[in-house]
Structures are given as C-alpha cells and as structure tokens.
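S.K.: My questions will all concern the structure given below.
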Amino acid sequence: MHGYYDGASDREHAVNYLEELGIQKASSPEEAKAIMERDGIAYLPLEAFAPQAKTMIAWRARYGLRTPINTVVRALNPGGAKLGIRGSYHPGFQQLHAEVENVMGKTSHGVISFKGLSGESEYNPKVSQTVWLSHNEGVESHYWEEQLSETLPSTNRDRMGTPVEDNELMANTVVSTMAALLFTETNDRELANNKALSLWEAYCRDQ
C-alpha cells in the first residue's frame, strides 16, 4: 500500500492502523520490496518514493485546490500491482480516474473506479451506480444495482472499533469492496461477489 498522511484533515488514515494490523512501514521502495517478499504486504509513504508529489499536494494550502495532483497520485503504482481500486466523491470523477489510469498504466494493471463512501476507496453497497473499469483494452462502464445483504456473518475480532450498530454495513462494505476489486479480474459481478463472500466467511470463521 502507499499513502499520504494529511494531519490537517479529520479523515482516518491507514498509517494510523499499521501496528494494529501487523503491517510494517517502509522508508524506501527497496525496503518495501523486501518487506513484501517476507510479509506479503507493506506500507510505503508517498514521501518515501515521490517527495515532489507530496510537495505538490501541500500546494493546496496556497491555491485552495488539490484535485489535479490527487488524481495523479492515486494512479501511481510503486509496487507494480496488477489490480487497483479507486474511490472518489464528486460526480464524473469516477470516469476521469479510470481514464487517467488507462493512460498511465495501460498495459500493466486493471483498475475499478467508483463513487466511494465519503470519497474513499470503499464501495457503498447501499446505492446503485455506474462503475468504470480500466484495463489494457480501454475503459468500459457497468451499471450496478445496490446490493445490501442482511445475512452476512460478523467478525468477532474487529480491529477498527466499529460500533455494533454499524457491523452490518461494515461487513457489506468489506465484501462489496473486495468484489469490486475482484471484478477487475473476473469481469463478472456475480462471480466476484461469490468469491468475496467466500473470503469474508472464511475470515469470520478463523476469528
């Protein structure tokens, strides 16, 4: 994973949960590669591989605008991932992100782009929307109906401190987000949903 910590915002940041999740933070791409070879996952801060991008993000305080560089940063792929997921808030940006991804990573990876919960890369299972898929053959759109299940199992080990009353939405969000990512490989929503559900059920059983 790569990310940027914006201390001035009230958002939750992945870097704050690394210790709880057992994910090590790297100080360079080389260290991230070594950690991934050992652990299968690593966190690489933006300043550790693209310091100029971090500087440009900080220009928001000067110009009151962050969207252009944020779009570029989201499309960076320092780990060479084959699959990517992009959530955004404003209408039209879902297609924009997919098209940017197609230009920057045309032959290297597939990316699913959608309107996320609060603009994050978390799929909102409560709404119907158009998702945009970028792959080496171009960009295509798919309309997905809302898909909120009342029968998903709950995990007994919630490391994020989710309130009990939000457990159903949390489980649906996790499953639907995994399904969106898996869709970049399967191009079949039902198949992706079934695989995501199977992974979630296995996770809940192991807790």
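S.K.: Looking at this model, which pairs from Lys115/Lys195; Lys54/Lys82; Lys33/Lys115 are more than 29 angstrom apart at the alpha-carbon? Intermediate values should be presented prior to the final figure.
M.R.: On the way: Lys115/Lys195 22 Å; Lys54/Lys82 24 Å; Lys33/Lys115 31 Å.
Where the Cα-Cα span goes over 29 Å, the pairs concerned are Lys33/Lys115.
S.K.: Next up: Most mobile of Val111, Val164, Val100 per a Gaussian network model of the chain (Cα springs, under 10 Å)?
M.R.: Of Val111, Val164, Val100, the Gaussian network model singles out Val164 as fluctuating most.
S.K.: Now for a different question. Can you run phi through the Karplus equation (6.51, -1.76, 1.60; θ = phi - 60°) for region 19-24 and list ³J(HN,Hα) in whole Hz, with x for Gly and Pro?
M.R.: 3J(HN,Hα) across region 19-24, in whole Hz: 4, 4, 8, x, 10, 8.
S.K.: Here are several values of Cα extents along the principal axes in Å: [x] 45, 41, 33; [y] 57, 48, 35; [z] 47, 37, 34. Which one was derived from the coordinates shown?
M.R.: Among [x] 45, 41, 33; [y] 57, 48, 35; [z] 47, 37, 34, the one derived from this structure is [z].
S.K.: Same structure, new question: From Cα pairs below 8 angstrom and at least 6 apart in sequence, can you work out the relative contact order of the chain, rounded to a whole percent? Could you put the intermediate results ahead of the total?
M.R.: Numbers: 314 pairs, mean separation 27.8, N = 207.
The normalised contact order for the chain reaches 13 percent.
S.K.: Please work out the average accessible area per residue across the chain, using the 1.4 Å probe convention, and give it in Å². Spell out each step's value before the answer.
M.R.: Details: 12220 Å² over 207 residues.
Accessible area per residue: 59 Å².
S.K.: Considering only DSSP beta bridges whose two residues both sit in the chain, what percent are antiparallel, to the nearest 5? Kindly include the intermediate steps, with their values, before the conclusion.
M.R.: Numbers: 11 of 20 bridges.
The answer is about 55 percent antiparallel.
S.K.: Return the single residue from Pro45, Pro163, Pro125 with maximal mean-square fluctuation; model: Gaussian network over the chain, springs between Cα atoms under 10 Å.
M.R.: Pro163
S.K.: Calculate what fraction, in whole %, of the accessible area of the chain sits on carbon and sulfur atoms when a 1.4 Å probe is rolled over the protein chains.
M.R.: On the way: 6210 of 12220 Å².
Of the solvent-accessible surface of the chain, carbon and sulfur hold 51 percent.
S.K.: Output the relative contact order of region 59-136, whole-number percent, from Cα pairs under 8 angstrom with separation of 6+ residues. Could the numbers behind the result be given before it?
M.R.: Values: 122 pairs, mean separation 23.9, N = 78.
Once divided by the residue count of region 59-136, the mean separation gives 31 percent.
S.K.: Sequence gap at least 6, Cα distance under 8 Å: using those rules, report the relative contact order of region 105-207 to the nearest whole percent. Walk me through the intermediate numbers first.
M.R.: Numbers: 141 pairs, mean separation 26.2, N = 103.
So the answer I get is 25 percent.
S.K.: Which whole-Hz couplings ³J(HN,Hα) result when phi for each residue of region 121-127 is put into the Karplus expression 6.51 cos²θ - 1.76 cosθ + 1.60, θ = phi - 60°, listed in order with x for Gly and Pro?
M.R.: 7, 10, 5, 8, x, 8, 10
The values are calculated or read from the model by the stated rules, or taken from the named source; none is laboratory data. Bear in mind that the values here come from a model prediction, so they are computed numbers and not experimental data. Surface areas here come from the heavy atoms of the whole protein model, side chains and all, with no ligands, DNA or RNA. Shrake-Rupley method; radii C 1.70, N 1.55, O 1.52, S 1.80 Å.
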